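Undergrad: Before I ask anything, let me first share the structure, which is written out below as structure tokens.
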Amino acid sequence: MKIAVIGTGYVGLVTGTCLAESGNNVICMDIDERKIALLKSGIVPIYEPGLEELIKRNTSHGRLSFTTDMAKAVMMSDFIFIAVGTPPGEDGSADLKYVTGAARKIGKYMNGYKVVINKSTVPVGTADKVRAAIKSKTHYKFDVVSNPEFLKEGAAIEDFLKPDRVVIGVDNSRAAALMEDLYTPLLRKGDRILIMDIRSAEMTKYASNAMLATKISFINEISSICASLDADIDSVRKGMGYDRRIGFEFLFPGVGYGGSCFPKDVKALVRTAKEHGVDAKVLKSVEAVNEQQKNLLSTMILQHFSRGAGKSRNSRSPLAGKTIAVWGLSFKPKTDDMREAPSVVIIENLLRAGAAVNVHDPVAMQEARKFFKNKIKYLHVDYDAIKGADALAVVTEWSEFRTPDFRKIKRLMNRPVIFDGRNIYNKVELRKLGFIYYGIGRN
Ligand code: NAD
């Protein structure tokens, strides 16, 4: 099949590459000339495990190409995916200017029947706007389909090639049949290709992300209650998770959710609900708990140094003159994505309180420079970041941080204090080794 993907970001690039991998001819289009130039020269502008290899294979076999030329992309293709960004507007609603802008261009260059598939996360009713934008520019027939994407950054290839389910919103059987043909190679039994009406498909994406964000805020709130009651969240989490109705997924306390999806999608759903007369009380609380959680680790650090251990008598802020090492910057492991990352809030709070901050992340340091410029020190070796530090804060649970040499850490640090924002360490072992240890909701 001949496919164009408009927007070559995390979702568009993975979608295009994986569809090429399953035998289609794919052209990925973006207005960002730098991004397309990099891709044409074999450089992948984002970090996603396994992606570079797949791009290489499919470009060398001639199934995958890149362009900034919208006319070429549209004219060559029968299926056109829209995978552009839908960032939050000032009022929290999804800003659809990139989606409708792309739709108008698609309409302008149409040269026959096309299936236009919306993969971006968009509020219910957007398909109608996309249809109107295309129709204003063409007299050719076309169908608009909603096909929200559920991939996780860091495991995006696996998620796309072996999806739990594929949600397809259509308003006629021709579009349904074409979409089933497109996805059947990924889900051979076809039982998890869910055909539904367009508005339900658009809503499914928001409902799914809102549920996952709710689980995270829920367990974070429970962890705060545990901390204040001297109960242990690890035990509580296990006690809950073995109940099959609850399960373990997304029940890990931490420093709050981030990334390009949960924060913006929860906000957008609250906004959409409000516009239609529904006060989304649960989702508003999910957001509020998350904001609070992003500030928790820096508050714990400030409180620790205020309590006297290592308090500097002459300075106003207990963190003045202190160096805090931060391990992990991306919003989760296996990605370089820093959008809405809790590390940004934590580090800004620490800097504001007068601390010096040394950071290390396996892949996100370049992205991090866009946020912190030269206000912090970037260390390319994890242990270098903790040399002379008064505390270590673990913010992202990269696997390389899970079993470090604690004796070496203790030798290198100015004071052996660890703030474990992801509860990845054994608190008993660390205390035995002489560390002062803080976790999230651990007694
Ligand atoms: P992104 O910011 O990484 O990529 C968007 C790309 O679209 C950019 O490269 C931009 O230059 C390009 N673009 C903007 N306007 C364009 C136009 N008119 N023509 C061509 N290209 C254009 O965004 P992303 O993370 O890939 O997300 C895309 C959509 O998918 C969003 O709606 C997001 O909510 C949704 N989504 C994201 C994820 C994720 O994990 N990142 C997962 C599921 C769904």
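Undergrad: I need the full set of residues from region 92-110 which are under 19 Å from THR138 (Cβ atoms) and near the ligand (Cβ under 10 Å from one of its atoms), in order please.
TA: VAL99, THR100, GLY101, ALA102, ALA103, ARG104, LYS105, ILE106
Yes/no matrix, rows are residues, columns are (1) more than 16 Å from the ligand (Cβ to nearest atom); (2) under 30 Å from ARG422 (Cα atoms):
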| residue | (1), (2) |
| --- | --- |
| SER173 | yes, no |
| ALA177 | yes, no |
| LEU182 | yes, no |
| PRO185 | yes, no |
| ARG199 | yes, no |
| TYR206 | no, yes |
| ALA210 | no, yes |
| ILE219 | yes, yes |
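Undergrad: If I filter region 122-132 for residues that are out of contact with any strand residue (DSSP E or B) (no Cβ under 6 Å at 6 or more places or on another chain), more than 26 Å from LEU269 (Cβ to Cβ) and free of Cβ contacts under 8 Å to residues at least 60 places away in the same chain, do I get at least one hit?
TA: So far as region 122-132 goes, no, none of its residues is out of contact with any strand residue (DSSP E or B) (no Cβ under 6 Å at 6 or more places or on another chain), more than 26 Å from LEU269 (Cβ to Cβ) and free of Cβ contacts under 8 Å to residues at least 60 places away in the same chain.
Undergrad: Might you let me know whether region 222-237 holds any residue that is in contact with a helix residue (DSSP H, G or I) (Cβ under 7 Å, 6 or more places away or on another chain), more than 16 Å from the ligand (Cβ to nearest atom) and closer than 21 Å to PRO163 by Cα?
TA: no
Undergrad: Please verify whether region 258-274 includes one or more residues that are free of Cβ contacts under 8 Å to residues at least 24 places away in the same chain and in a helix (DSSP H, G or I).
TA: Here is the first cut: in region 258-274, the residues free of Cβ contacts under 8 Å to residues at least 24 places away in the same chain are 273-274.
Then keep just the ones that are in a helix (DSSP H, G or I); that gives 273-274.
Yes, because at least one residue in region 258-274 is free of Cβ contacts under 8 Å to residues at least 24 places away in the same chain and in a helix (DSSP H, G or I).
Undergrad: Could you check, for region 236-251, whether at least one of its residues is at positive phi and not assigned by TED's automatic domain parsing to the domain that holds ARG165?
TA: Yes, because at least one residue in region 236-251 is at positive phi and not assigned by TED's automatic domain parsing to the domain that holds ARG165.
Undergrad: OK, next. Determine the pairs where a residue that is modelled with pLDDT under 95 and within 11 Å of the ligand (Cβ to nearest atom), located within region 146-163, has a partner that is of a type in the set (S, T, N, Q) and assigned to a loop (DSSP other than H, G, I, E, B) with Cβ atoms under 7 Å apart, the partner being 6 or more residues away or on another chain.
TA: Taking only residues 6 or more apart or on different chains, the pairs are GLU153/THR335; GLY154/THR335.
Undergrad: For region 10-27, indicate whether the set of residues that are within 15 Å of the ligand (Cβ to nearest atom), among the hydroxyl-bearing types (Ser, Thr, Tyr) and in contact with a strand residue (DSSP E or B) (Cβ under 7 Å, 6 or more places away or on another chain) is non-empty.
TA: Yes, there is a match, as at least one residue in region 10-27 is within 15 Å of the ligand (Cβ to nearest atom), among the hydroxyl-bearing types (Ser, Thr, Tyr) and in contact with a strand residue (DSSP E or B) (Cβ under 7 Å, 6 or more places away or on another chain).
Undergrad: Under 8 Å by Cβ, and 6 or more places apart or on different chains, what pairs join a residue from region 22-47 that is on the phi > 0 side of the Ramachandran plot with one that is modelled with pLDDT under 95?
TA: GLY23/PRO185
Undergrad: Right, next: Would you point out which residue out of ILE31, ILE80 is within 15 Å of the ligand (Cβ to nearest atom) and either surrounded by fewer than 24 Cβ atoms within 10 Å (Cβ to Cβ) or hydroxyl-bearing (Ser, Thr, Tyr) (or both)?
TA: Selected residue: ILE31, the only one of ILE31, ILE80 that is within 15 Å of the ligand (Cβ to nearest atom) and either surrounded by fewer than 24 Cβ atoms within 10 Å (Cβ to Cβ) or hydroxyl-bearing (Ser, Thr, Tyr) (or both).
Undergrad: Going by the conditions given, is SER223 free of Cβ contacts under 8 Å to residues at least 24 places away in the same chain, outside the structural domain of ASN118 (by TED's automatic domain parsing) and assigned to a helix (DSSP H, G or I)?
TA: Here the answer is no, as SER223 does not meet what is asked.
Undergrad: Evaluate region 45-67: report whether one residue or more is more than 28 Å from ASP143 (Cα to Cα), at pLDDT below 95 and more than 15 Å from the ligand (Cβ to nearest atom).
TA: The answer is no; no qualifying residue exists.
Undergrad: Moving on to the next point. For SER224, indicate whether it is modelled with pLDDT under 95 and either out of contact with any Leu (no Cβ under 9 Å at 6 or more places or on another chain) or of a type outside the set (D, E, K, R) (or both).
TA: In short, no.
The values are calculated or read from the model by the stated rules, or taken from the named source; none is laboratory data. Source: prediction; values computed, not measured. Positions of Cβ are generated from backbone atoms using ideal geometry, with glycine treated the same way; all protein chains shown enter the neighbour counts.
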